[in-house]
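What follows is one structure encoded as structure tokens, with my remarks underneath.
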Amino acid sequence: MISMYIIDEQNVSGIIENYLTTTKTDSTSFYLKAAEHLISYIPESAQRITFFIDGSQIGTLGAAVAYLLSRANKDLILFVRASSLTEETEAFLQILEEQKAHIYLLNNVNQLQDLHAVIAETHLIVDALATLPKTQDEFLFVKQLIQVINRVQLETLAFDFPFYANDETIITATNIVTFIAAKKCFTNTHFLTAFGQDEISIESLDIPELYYQDKIEAQYIDQDDISDILKQKQWSITDHKYKFGHALIIAGNVGTIGAALLAGEAALKSGCGLVSLYTHPELANLVPLRNPEIMSHAYTDINNLQVDIKRASSILIGPGLGITNQSLALLELIFAQATCPIIVDADALTLIHKQPQLLTTFSYPVIFTPHAHEFARFTGLEIDEISSHRIDVAREFAKKYNVILALKGYQTIISDGITTYVNTTGNAAMASAGMGDVLAGIIAAMTAKQYASLEATIASVYLHGACGDWLSIEKDRVLATEVINEIPDRLQFLY
Ligand SMILES: NC(=O)C1=CN([C@@H]2O[C@H](COP(=O)(O)OP(=O)(O)OC[C@H]3O[C@@H](n4cnc5c(N)ncnc54)[C@H](O)[C@@H]3O)[C@@H](O)[C@H]2O)[C@@H](O)CC1
Ligand SMILES: Nc1ncnc2c1ncn2[C@@H]1O[C@H](COP(=O)(O)OP(=O)(O)O)[C@@H](O)[C@H]1O
């Protein structure tokens, strides 16, 4: 990918227009130059091609490509969905008409009945539609249009993004060439389910970042970003364990001690110098049997806990903790006494929802790590609403509560309310019990090692997914403990 930035698909036309006006670039030359690049996405074997274009700048790019193809003697059918077109589109269409291309104005639902037969005769569909429906009538029309296009099951090249009516009705493109930067709709769960990253290419249109930097909504995280973060900390031969941080973990209950162990082990393997685990009194003595490096205590040992709260360089609360009054009291204690970053995970997220006043009093970084269900419970939003607007809901939540949010799932979104990142590692083989507990442990270690909280969260999410990706090369399913064992090698690789 040329650009790792993500912008709203609805801003592209405006960015192109602004660029052309500000730089006083001749617009026809601009579209023709772009079309010369775009033509390489049209398979040579496609002789008869259907174009769908509209009044947007994407539509103009479609018309410009059609114009070049007509000069290469391709047979073209253009369906134009617009009440008004750009001047350049009008000009391209006029020449295309003279060259005997078939051009139809698409504005009537009755036309859709015959559409299928016409498209089916062609070899390729180019979707250069970008103007989303504004009225209910337009919506119904567009929905039916997309259904007809999809029923033909032809190879389909989408310009900028596969046109959609709503989350369920998206043109099933086989290839996508997106302009300027990646698009926000690509992070929508429905879109992610329908398309793979491999199907998306980016064409910058030679528009410099200056013309869209105020429109950047988020950015994908790449390996270099993580290396840059990790390299900020260099260890010396004289370092002792406290230099590598002390993670305090409050986790586990009867039946879920595994969650506490997974978080603790993940923190250790992520390079934390010391892990203190406070857990259910009946279980504390079992912890060293599984992992002797972890210092274990009963969470009823409040005196020791208060000392550790002051000594810790990060505090993780929640994995397998249970939703009890005892857990709530521990959460309140942490929020009252912590002097370091706090990671709020799993059951602690559910508890904090009942005590929102806690979120008005803290003066240290707080990191929330919900999966979609936990986030829905916290925010009261429907899971569908979250899935469709992952960047927006994550950013708004982080801003509202002044926390760092990692909204987990495929392409985890991380935001501090100002800058938003989209993770590029991780896969469905990782969808197994305890995987979130491991991530929480990694974040606890990274924050304990004094990486800035946002950077620690980004690096942890990327590292966690990178372990899963590495393991899934040879396995269909990846266990949480396998990810833990992979951490040191992946960490070293990323440094
Ligand atoms: N070995 C262990 O001790 C384990 C303990 N765990 C702990 O068990 C407690 C409960 O965990 P959960 O919150 O996963 O509760 P559940 O596993 O009970 O899930 C609650 C609900 O969330 C839904 N859900 C889970 N993940 C989702 C996602 N990514 N998107 C949408 N819906 C989703 C489920 O369908 C379910 O309806 C936590 O404290 C957790 O840390 C789990 O991490 C599993 C492993
Ligand atoms: N399909 C997927 N693609 C990428 N990452 C995934 C996928 N499914 C799960 N994960 C990752 O695994 C972790 C699961 O966390 P969570 O749901 O809290 O699990 P648990 O409660 O069992 O510990 C998250 O970090 C999530 O991003």
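Quote the accessible area belonging to His123 in square angstrom, nearest 10, computed with a 1.4 Å probe and with ligands, DNA and RNA left uncounted.
Accessible area of His123: about 90 Å².
Suppose R0 equals 56 Å; then what is the FRET efficiency for Thr23 and Thr481 from their Cβ-Cβ distance, rounded to the nearest 0.05? Mind showing how you got there, number by number?
Numbers: r = 56 Å, r/R0 = 1.00.
With R0 = 56 Å, the Cβ-Cβ based efficiency is 0.50.
Taking amide H positions as placed in the peptide plane 1.01 Å from N, state which residues far from Ala158 in sequence (5 or more) or on other chains have amide H under 5 Å from it.
So Ala158 has HN proximity to Asp127, Thr174, Asn175, Ile176, Val177.
So if we plug the beta-carbon distance of Ala117 and Asp224 into 1/(1 + (r/R0)^6) with R0 = 35 Å, what FRET efficiency do we get, rounded to 0.05?
On the way: r = 50 Å, r/R0 = 1.44.
It comes out at approximately 0.10.
Percent relative contact order of the chain, based on C-alpha pairs within less than 8 angstrom and at least six residues apart? Can you show the working numbers first?
Details: 986 pairs, mean separation 64.0, N = 495.
Relative CO of the chain lands at 13 percent.
So what J values fall out for segment 28-36 if you push phi through Karplus, 6.51 cos²θ - 1.76 cosθ + 1.60 with θ = phi - 60°, rounded to Hz, Gly and Pro as x?
4, 5, 4, 5, 5, 5, 4, 4, 4
Which value, in debye to the nearest 20, describes the size of the charge dipole of the chain about its Cα centre when Lys and Arg Cβ atoms bear +1, Asp and Glu Cβ atoms bear -1, and nothing else is charged? Display every interim value, and only then the final one.
Values: 32 positive and 57 negative charges, 279 e Å.
Approximately 1340 debye in magnitude.
Largest first, what is the accessible-area ranking of Tyr421, Tyr410 with a 1.4 Å probe?
Values: Tyr421 45, Tyr410 120 Å².
Final ranking, largest accessible area leading: Tyr410, Tyr421.
Assuming 0.36 nm per residue, please report the length gained on full extension of the stretch Ala433 to Asp301 beyond their Cα-Cα distance.
Numbers: separation 132, 0.36 × 132 = 47.52 nm, distance 2.90 nm.
Full extension from Ala433 to Asp301 adds 44.6 nm.
What's the carbon and sulfur percent of segment 31-169's accessible surface, probe 1.4 angstrom, rounded to a whole number?
Values: 2920 of 6350 Å².
Ligands and nucleic acids excluded, carbon and sulfur reach 46 percent.
Given points 7 Å out from each Cα along the Cα-Cβ axis, report the Gln10 to Leu140 separation in nanometres with one decimal.
2.3 nm
For a quick check of your reading of the filter: which trypsin sites (Lys or Arg not before Pro) in segment 388-490 sit in a DSSP loop and have no more than 16 other Cβ atoms within 10 Å? The partial results should precede the final answer.
Values: sites: Arg390, Arg395, Lys399, Lys400, Lys408, Lys449, Lys475, Arg477, Arg490; in loops: Lys408, Lys449, Lys475, Arg477.
Answer in residue order: Lys475, Arg477.
Check which residues have an amide H placed less than 5 Å from Phe51's amide H, if you skip close sequence neighbours.
Ile77, Leu78, Phe79, Val126
Under a cut-off of 22 Å between alpha-carbon atoms, report the lysines in cross-link reach of Lys243, not counting same-chain residues fewer than 8 places apart.
Once the sequence-local lysines are set aside, what remains near Lys243 is Lys231, Lys233, Lys269, Lys310, Lys449.
Amide H to amide H under 5 Å from Ser296: which residues, 5+ apart in sequence or cross-chain, H placed 1.01 Å off N in plane?
Amide H neighbours of Ser296: Leu277.
Measure nothing but the geometry: give the 0 to 90° angle between the long axis through the Cα atoms of 480-494 and the longest principal axis through the Cα atoms of the chain, rounded to 10°.
Once rounded, one gets 70 degrees.
Would you kindly derive the ³J(HN,Hα) couplings of segment 78-94 from the backbone phi angles with the Karplus curve 6.51 cos²θ - 1.76 cosθ + 1.60 (θ = phi - 60°), listing them in order in whole Hz, with x for Gly and Pro?
Taking θ as phi minus 60°, the curve returns 10, 9, 10, 10, 5, 8, 9, 10, 5, 4, 5, 4, 3, 5, 4, 5, 4 Hz for segment 78-94.
Over the chain, average the accessible area per residue using a 1.4 Å probe and give it in Å², no decimals.
Details: 20830 Å² over 495 residues.
Roughly 42 Å² per residue, with all protein chains present.
From the phi angles alone, apply the Karplus equation (6.51, -1.76, 1.60; θ = phi - 60°) to segment 38-54 and give each ³J(HN,Hα) in whole Hz, x where the residue is Gly or Pro.
5, 4, 5, 7, 8, x, 4, 5, 7, 8, 9, 10, 9, 10, 10, 10, 9
The values are calculated or read from the model by the stated rules, or taken from the named source; none is laboratory data. Bear in mind the structure is a predicted one, so any value in this text is a computation, not a measurement. Quick reminder, even Gly has a Cβ in these numbers, built from the backbone with ideal geometry, and neighbours come from all protein chains shown. Surface areas here come from the heavy atoms of the whole protein model, side chains and all, with no ligands, DNA or RNA. Shrake-Rupley method; radii C 1.70, N 1.55, O 1.52, S 1.80 Å.
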